[in-house]
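**Q** Please find one structure pasted underneath; my questions will follow.
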Amino acid sequence: ETGVTQTPRHLVMGMTNKKSLKCEQHLGHNAMYWYKQSAKKPLELMFVYNFKEQTENNSVPSRFSPECPNSSHLFLHLHTLQPEDSALYLCASSQDQLYEQYFGPGTRLTVT
Amino acid sequence: GIQVEQSPPDLILQEGANSTLRCNFSDSVNNLQWFHQNPWGQLINLFYIPSGTKQNGRLSATTVATERYSLLYISSSQTTDSGVYFCAAVGSGNTGKLIFGQGTTLQVKP
């Protein structure tokens, strides 16, 4: 248990669906992150939020839309995804952007 | 941006053996972490080690920042050590952008 939770743990969605991934951290951290892990590829940073403000968008397609309503919660809204978006989506948090990051268990997403 | 390379990509050990995993990075770092990813995908923090040496049980790590590498030592390996080990770094001048290596897949045989 790292203090970072993610829901759902598994998600199957069609290309026309809209769904959201949720991340919550119970560590009192100020920075939160979304990463994507595809098969045969290293983990890729998608977005960084610091004190609820987005500080990094790593050229992510607009069909992925993040939302950070407060320092404890982070969402990833998904719409019109492609099969190649199937991956493990990991959320992380840290005290601030220079410190150790702690990861949630991930959401395994399959797009059909 | 910073590049992170890990070696070897795959490693097979007999239970009880020792091993060394290496991580090379292309720039000075603000943050360097080692993780173990279990079969369910959870990344488990092993070390936060931008410089120096740390030990935790059978695991230890050393980062030589001036020479841009880090080593993870596993002693007396157990079957539960199997999985993928990742090194990740945040380059100086960057904040929060943790760049991961490709990982080392370790299999410990009984």
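The values are calculated or read from the model by the stated rules, or taken from the named source; none is laboratory data. Predicted model only: the values in this text are computed from it and were never measured. With ideal geometry, Cβ positions are generated from the backbone for all residues, glycine too; neighbour counts draw on all protein chains shown.
To keep it simple, each residue is scored yes or no on (1) surrounded by fewer than 19 Cβ atoms within 10 Å (Cβ to Cβ); (2) within 13 Å of chain A (Cβ to nearest Cβ); (3) within 23 Å of B:P110 (Cα to Cα).
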site	(1), (2), (3)
B:Q3	yes, yes, no
B:G16	yes, no, yes
B:T20	yes, no, yes
B:N31	no, yes, no
B:F47	no, yes, no
B:S51	yes, no, no
B:Y69	yes, no, no
B:L72	no, no, yes
B:A89	no, yes, no
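**Q** Between a first residue in segment A:36-47 that is on the phi < 0 side of the Ramachandran plot and part of a loop (DSSP other than H, G, I, E, B) and a second residue that is surrounded by fewer than 13 Cβ atoms within 10 Å (Cβ to Cβ) and among the charged types (D, E, K, R), which pairs have beta carbons less than 9 Å apart while being 6 or more apart in sequence or on different chains?
**A** A:S38/A:E84
**Q** Conditions first: (1) more than 12 Å from chain B (Cβ to nearest Cβ); (2) surrounded by 14 or more Cβ atoms within 10 Å (Cβ to Cβ); (3) modelled with pLDDT of 95 or more. A:H77 passes all but one, so which condition is the exception?
**A** Of everything listed in (1) more than 12 Å from chain B (Cβ to nearest Cβ); (2) surrounded by 14 or more Cβ atoms within 10 Å (Cβ to Cβ); (3) modelled with pLDDT of 95 or more, A:H77 misses just condition (2).
**Q** Next question, about the same structure. Out of everything in segment B:91-110 that is part of a strand (DSSP E or B) and not small (G, A, S), what residue ends up being surrounded by the fewest Cβ atoms within 10 Å (Cβ to Cβ)?
**A** That would be B:K109.
**Q** Ok, one more. Could you pull out the residue among B:G57, B:G41 that is more than 28 Å from A:M46 (Cβ to Cβ), free of Cβ contacts under 8 Å to residues at least 12 places away in the same chain and either over 13 Å from the mean Cα position of the chain (by Cα) or within 10 Å of another protein chain (Cβ to nearest Cβ) (or both)?
**A** Unique residue meeting the criteria: B:G57.
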